[in-house]
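The values are calculated or read from the model by the stated rules, or taken from the named source; none is laboratory data. In this text the structure is predicted, and so the values were computed from the model without any measurement. Here the Cβ is made from the backbone with ideal geometry for all residues, glycine too, and neighbour counts use every protein chain on show. We work out accessible area using only protein heavy atoms, side chains counted, and drop any ligands, DNA or RNA first. Shrake-Rupley method; radii C 1.70, N 1.55, O 1.52, S 1.80 Å.
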Amino acid sequence: MAENRSIHGQWSSRLMFVLAASGSAVGLGNIWKFPYITGENGGGAFVLVYLACIALVGLPIMMAEVMLGRRGRQSPINTMADLASEAKASQIWRLLGWLGVVAGFIILSYYSVIAGWAIAYVVRSAAGTFTNVTADGVESIFGALVGDWERLLAWHTLFMVMSMLVVARGVHHGLEKAVRVLMPALLVLLLILVGYAFNTGHFQQGFDFLFKPDFSKVFYQCETIAGAQSCSFTGEPLLVAMGHAFFTLSLGMGAIMVYGSYMPRKSSIAGASILIAIMDTVVALLAGLAIFPIVFANELAPGAGPGLIFQTLPIAFGAMPGGRFFATLFFLLLVFAAWTSAISLIEPAVAWLVEKRQVSRTRASIACGFTAWLLGIGTVLSFNVWSGEEYQLFGKTLFDLLDFLTANIMLPLGGLLIAIFAGWVMTRQASADELRMNNAGYAAWRFVIRYITPLAVVLVFLKAIGVL
Ligand code: TRP
């Protein structure tokens, strides 16, 4: 299997793999989700757990996923089937591929709705809606958008069509070229925003919120009962932090695996993975540094939820010189970042359809896009028609539930299985041959993927459900 190329094509260079995989990793997860869940979960201690998860769980699993993909050279489902045969293991490992395909559909369904918000904000920014806007103003603009399901549906539809157009064209065209320019541009714009926050926001307070861990605030819920305070440990932030490490690095559902299957044989997997993880983390932290100083300067609530960036950044843009231009550019780049992520969510399913049913990429993309679009209607309605308590389960809307199910359960579970497969099922020779690291590096990776990573995932699960 060594020299096989994938039938779906191949990246033109190692750099293209790194760019495409960072295009997948850097997205709404970094700029929209990271700040809002950090705000909801009390800041610093949460960020610290998240960073630990990136290093101990995310990075080793990313290497494993790329490795499996490059060795199998097919969609995750068929890759897992082949690699299981190679290792003389059960064909049940195919199910790992299926788990990923299902998770991809669900994530894309709500991802597209949120990306739709970003498109709506491009239009509002360009129209000058945010010029000198107040905190109240920006809140009612956001409320009017998400309260109107017809508008949300229209933007969701537009984003899904955009994504399917790129997926239909395949690996080389469009995709490769787009990331090369857009990613650096996004980084520059984030730096401008951090600069603004530094000069005008409550920067110190925002910085402390992100980087001064206070474990008692995050992991202990305290109540005062009859004058006496009683605190109990709560594991959910732990699970959310770990789940987000998977989400932000695009791990656990075969997206990175399928991108790895288009990677040239010669490239170093470890080097590429480290680069991607660093870039992804830098973007998320910059987004946090841009947002929280503005949150505190305007006395907004850090725990405002999914609307956080849409209710804070426009205030900054509205007040800065050239803000209309910068705002438009920023939300445009956010849409692009979401775009390059969305295509990776559906690629495993499309690749499988092309292999299995021998349908064209175009048909496969339309079928998958339509399915995810239909599912997305549930998320569209979660913010308006179905937002009431009578439509909630465990205090969560359908959108919250889908997000929790995928990011905090399906992805870590997929990642756990990937770690077990790469560390225990696959032969040492096969993984060493594919990773081609020096001895010390390989030994370290193997130790972490066999013991540390699975243990960490299982412990977090157990802690979160209160068993430990
Ligand atoms: N990582 C992307 C983000 O942070 C989202 C994403 C793309 C994703 N592909 C994925 C998440 C695969 C989980 C699995 O926005």
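Which FRET efficiency, nearest 0.05, do Ala440 and Ser12 yield, Cβ-Cβ r, R0 22 Å? After rounding, the FRET efficiency stands at 0.10. Taking Cβ atoms as reference points and 15 Å as the exclusive limit, the residues near Thr312 contribute a net charge of -2, counting Lys and Arg as +1 and Asp and Glu as -1.
Electrostatic bookkeeping for Gly423 treats Lys and Arg as +1 and Asp and Glu as -1; over the other residues with beta carbon under 12 Å from its beta carbon, the sum is +3. Say R0 is 30 Å: what FRET efficiency, to the nearest 0.05, do Leu165 and Val102 get from their beta-carbon distance? About 0.80, to the nearest 0.05. If you sort Arg361, Arg151, Arg180 by accessible surface, 1.4 Å probe, largest first, the order is Arg180, Arg151, Arg361.
Once the Cα atoms are used to define both axes, helix 149-169 deviates from the longest principal axis of the chain by about 30 degrees. With helices as the sole contributors, the chain gives -22500 deg cm²/dmol at 222 nm; each DSSP H run of n ≥ 4 counts as -39500 (n - 2.57), and the sum is divided by every residue. Between the alpha-carbon centres of segment 297-354 and segment 94-139 there is a gap of 7 Å. Rounded to the nearest 20, the Cβ-based charge dipole of the chain about its Cα centre (Lys and Arg +1, Asp and Glu -1) stands at 1780 debye.
Structural descriptor for the chain: relative contact order 36 percent, calculated from alpha carbon pairs under 8 angstrom and at least 6 residues apart.
Relative to the 2.2 N^0.38 Å rule of thumb, segment 14-464 has a C-alpha radius of gyration ratio of 0.96. Please give the helix 76-86 orientation as an angle from the longest Cα principal axis of the chain, in degrees from 0 to 90, rounded to the nearest 10. Approximately 30 degrees, to the nearest ten.
Looking at segment 14-464, the accessible area is 38 square angstrom per residue; that uses a 1.4 Å probe and ignores ligands, DNA and RNA. In segment 217-306, Cα pairs under 8 Å separated by at least six residues give a relative contact order of 14 percent. The stretch between Ile225 and Leu187, if pulled fully straight at 0.36 nm per residue, gains 8.9 nm over its current Cα-Cα span. Using a 1.4 Å probe over the heavy atoms of the protein chains, calculate the carbon and sulfur portion of the accessible area of the chain as a whole percent. After summing per-atom areas, the C and S share lands at 65 percent. Annotation for segment 190-237 versus segment 403-468: alpha-carbon center distance of 30 Å.
Compared with the dominant Cα axis of the chain, that is its longest principal axis, helix 269-297 is turned about 10°.
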